[in-house]
Every structure is written in structure tokens, then in C-alpha cells.
Amino acid sequence: SFPTRRSSDLAVTIIKKKIKNMIDKENKKKPLSDQVICDNLNSEKINISRRTVAKYREELGIQSSSKRKRI
């Protein structure tokens, strides 16, 4: 087991927690898009692409913003 692998796994875990927290706190009438989540993480100095946010969100079993929308 390589320490670099473990530290990147840890980073992924932390980022996934941040994504989940953002989605848990979002306005259910106006759910956050993957792009908004991506922009929020980038503003926290976490360099991540929208596609990666989408991938992590799907791995967390969280639907897309359009499907999470509550009226």
C-alpha cells in the first residue's frame, strides 16, 4: 500500500463529504447544480472539475439537481 494512494483516497472522501453537506443544506426548491458545487469547491481552493463533481455525486447515490427539485 502506497502512502500517496491513501492520501488521495482521503482527499476524495473529504471532497465527497463536502459535496454531500452542500446538497444536504441546499434549498430544495432550487437545488445546486454540479457547476455551482464545482465553483464553491474551487473557491475553497479545491481544484475539481464539474465532471468529477458529477461522478462523486453519483457515487454517493445522489440524483442530479433537476431530479432533486422539490416543488
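The values are calculated or read from the model by the stated rules, or taken from the named source; none is laboratory data. Just so it is clear, the structure is predicted and the values come from calculations on it, not from any experiment. Keep in mind that these areas ignore ligands, DNA and RNA; they rest on the heavy atoms of the full protein, side chains included. Shrake-Rupley method; radii C 1.70, N 1.55, O 1.52, S 1.80 Å.
Some notes on this structure:
- Percent of Cα pairs exceeding the 18 Å cut-off, where the set is the chain: 37
- Reachable lysines from LYS17, criterion Cα separation under 18 angstrom, eight or more residues apart if same chain: LYS25, LYS45, LYS55
- Springs join every pair of Cα atoms under 10 Å in this Gaussian network model of the chain, and among GLU26, GLU58, GLU44 the largest mean-square fluctuation is at GLU44.
- To the nearest ten degrees, helix 34-43 and the longest principal axis of the Cα atoms of the chain are 50 degrees apart.
- Residues in the chain average 75 Å² of solvent-accessible surface per residue, probe 1.4 Å, ligands and nucleic acids excluded.
- Accessible surface of the chain [probe 1.4 Å, protein heavy atoms]: carbon and sulfur percent: 53
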